[in-house]
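*Asks:* Next up is a structure, given as structure tokens.
The values are calculated or read from the model by the stated rules, or taken from the named source; none is laboratory data. Nothing here was measured: the structure is a model prediction, and the numbers come from that model. Positions of Cβ are generated from backbone atoms using ideal geometry, with glycine treated the same way; all protein chains shown enter the neighbour counts. Note: areas computed on protein heavy atoms with side chains; ligands, DNA, RNA excluded. Shrake-Rupley method; radii C 1.70, N 1.55, O 1.52, S 1.80 Å.
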Amino acid sequence: MPGRQADARRGNGLLLLGLSLGYFMVMLDTTVVTVALPAIGADLSGSLGGLQWVSNGYTLSFAALLLTAGALADRHGGRRVFLAGLWLFGACSGASAPVGSMGALIALRVLLGAAGALLLPASLAVIAHAWTEPAARARAMGVWAAISGSALAAGPLVGGVLTDRFGWPAIFLVNVPVALLAVALTARHAPVDRPGPTKGVDLPGQVCAVAALTGLTWALVESGQAGWVSLPVLGGFAVFAVAGGSFVAVERRREVARRAPMLPLGLLRERTVASGLFAGLLVNFGLSGVLFVLSLHFQRAHGLSALGAGVAFLPLMLPTAFNPVFTGRLVGRIGARRPAVAGFLLMGTGVLVAAAATADSTAARVAMAAGLLVLGFGMSFAIPSLMTAVVGAVAREQSGIASGALNSARQTGAVLGVAVLGALADTARDGSGTRLALLVAGLALLAGAAVVAAFLGRPAGRQA
């Protein structure tokens, strides 16, 4: 019996490693490509708009498909969907390395985002099935979050090392052995789960969501080159308006008919959920936009290598390695609202400091590092607080869709941040465009502080 228990613990440990490695790749790919963008643009003759789509193609499909991926995991079983996502992620990563055109790379990045969307909810479903005791499940979730979350911090540095040493294709090739290892561990140790009864996938809502987000992203990216009143930009905004309105209509109709809408609109009537989703969008709007803009600025204006740019981002990433643990304890003691407000204030202040430090001088580099450090601390306060507040504001049976909605909102913010701030940074090549983009990001994050202070964790009718 003791030997059997030891084998079970070992099997669970290996399963948790496989699940964590899968989501580690997903998070790594959100930031690892950032410092490689100048090298990709040079090799594939990519414009700024093309580079924006290399970044946004991934986050757009990830954001748009996340909630539907959760429904697929419910319908077909977390184990099966997770393994399918791993195979797709590994195959698309391997195919991305030898591409010879920006169009092909962007298409593969879209497929990678779809694979990533499969991996997140499916990994959570496997954890829920494999660890049935609440305390053990909480410990497993903590390890999963810590391992996968470290990828966000490691991305720029890993991308810089691989790009400088082996060339930008290496940032995709590194996923292949990781995906194969995760497949082997998961296939061997994940229990075969029996899918429960579901009400089906919300295909009309999914189509409308993809069309709306794609139209908006297209309009914002193209506005930098074509102008705000050009036909392509106006067409993109028109697609966004029509598809967005259709999405609301479809979801309302499915909710009334009790047909499992992709996003139950009733959730948005809870002000903590609504404000949390908007705040989550603002977090990634600032974070992803700043990473995109500063990566190009460090390498083009300051002449840093990809590795040098990765090192320059270290102050931003270091707090994420340890501060979320402190944040979790703090939220447990005093609630989510005050840590979230502090996080947004720190993020906004850090970005504004960085906006004033774009010059190529020793003093400016020190100020930039300080600003990025403050931004990193703010991020590590804000994100765990938002997750706790949003999930805690809904019934237990809706916690999955609430967390999925928050992740979707965050990835949508990442898409918009790269599109909007990238376009602003491109308005001038003398550094003033970068300063303008960072100023807008800083103000948006300070606005997020006001939103969470006013609404997060405050039921309707309660006075501040």
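*Asks:* Can you work out the FRET efficiency for the pair S305 and V207, with r the C-beta to C-beta distance and R0 = 41 Å, to the nearest 0.05?
*Replies:* For S305 and V207, the calculated efficiency is 0.45.
*Asks:* In percent, what relative contact order does segment 154-265 have, based on Cα pairs under 8 Å that are 6 or more apart in sequence?
*Replies:* 23 percent
*Asks:* A further question follows. Restricting the calculation to Cα positions, tell me the Rg (one decimal) and the Dmax (whole number) of segment 299-439 in Å.
*Replies:* 17.1, 54
*Asks:* How much accessible surface area, in Å² rounded to 10, belongs to the heavy atoms of I106 with a 1.4 Å probe?
*Replies:* Approximately 40 Å² of I106 is accessible to the 1.4 Å probe.
*Asks:* Another question, then. Roughly how many percent of the accessible protein surface of the chain is carbon and sulfur, given a 1.4 Å probe and a whole-percent answer?
*Replies:* 66 percent
*Asks:* Checking the a/c ratio against 1.5 first, then a/b against b/c, what shape does the Cα gyration tensor give for segment 23-65?
*Replies:* Judged from the Cα gyration tensor, segment 23-65 comes out oblate (a/c at least 1.5, b/c at or above a/b).
*Asks:* Using amide H atoms built in the peptide plane, which far-off residues or other-chain residues are under 5 Å from G167 H to H?
*Replies:* none
*Asks:* Kirkwood Rh over alpha-carbon pairs of segment 5-93, then Stokes-Einstein at 10 °C and 1.306 mPa s: what D in µm² s⁻¹, rounded to an integer?
*Replies:* So the translational diffusion coefficient is about 103 µm²/s.
*Asks:* Moving on to the next point. Modelled label-to-label distance, W87 and S101, 7 Å Cα→beta-carbon offset: nm?
*Replies:* So the label points at W87 and S101 sit 2.8 nm apart.
*Asks:* Whole-Hz Karplus ³J(HN,Hα) for segment 412-420, in order, using 6.51 cos²θ - 1.76 cosθ + 1.60 and θ = phi - 60°, x for Gly and Pro?
*Replies:* Using θ = phi - 60°, the values come out as 4, x, 4, 4, 5, x, 5, 5, 6 Hz.
*Asks:* Using R₀ = 45 Å, calculate the FRET efficiency as 1/(1 + (r/R₀)^6) where r is the Cβ-Cβ separation of E255 and I334; round to 0.05.
*Replies:* Working from the Cβ atoms, E equals 0.85.
*Asks:* Right, next: Kindly provide the pair-distance distribution of segment 41-123 built from C-alpha pairs, with 10 Å bins from 0 and whole-percent values in order of increasing distance.
*Replies:* 21, 44, 25, 10, 1
*Asks:* Another question, then. How big is D for segment 330-379, in µm² s⁻¹ as a whole number, if Stokes-Einstein is applied with the Kirkwood radius of its Cα pairs at 4 °C and 1.567 mPa s?
*Replies:* On the way: Rh = 11.4 Å.
So the translational diffusion coefficient is about 114 µm²/s.
*Asks:* Along its three principal axes, how long is segment 367-418 when you only count alpha carbons? Whole Å, largest extent first please.
*Replies:* 46, 22, 10
*Asks:* Given charges of +1 on the Cβ of Lys and Arg and -1 on the Cβ of Asp and Glu, with all other atoms neutral, how large is the dipole of the chain about its Cα centre, in debye to the nearest 20? Don't skip to the end; give the middle numbers.
*Replies:* Numbers: 32 positive and 16 negative charges, 297 e Å.
Rounded to the nearest 20 debye, it is 1420 debye.
*Asks:* Loop only per DSSP, at most 14 neighbouring Cβ atoms within 10 Å: give me the trypsin sites (Lys or Arg not before Pro) in segment 239-315, ordered by residue number. Walk me through the numbers on the way to the answer.
*Replies:* Working: sites: R252, R253, R254, R258, R259, R269, R271, R300; in loops: R258, R259.
Sites meeting the loop and neighbour criteria: R258, R259.
*Asks:* Excluding ligands, DNA and RNA, what is the solvent-accessible area per residue of the chain at a probe of 1.4 Å, expressed in Å²?
*Replies:* 41 Å²
*Asks:* How many nm separate the modelled label positions at L268 and A128, each set 7 Å beyond the Cα in the direction of the Cβ?
*Replies:* 2.4 nm
*Asks:* Right, here's the next one. Residues of segment 258-283 with amide nitrogen under 16 Å from the 7 Å Cα-to-Cβ point of R75?
*Replies:* The answer is 259-263, whose backbone nitrogens lie closer than 16 Å to the label point.
*Asks:* So, one more: Taking only the alpha carbons of segment 192-342, what extent do you get along each of the three principal axes, in Å, biggest first?
*Replies:* So the three principal-axis extents are 57, 53, 38 Å.
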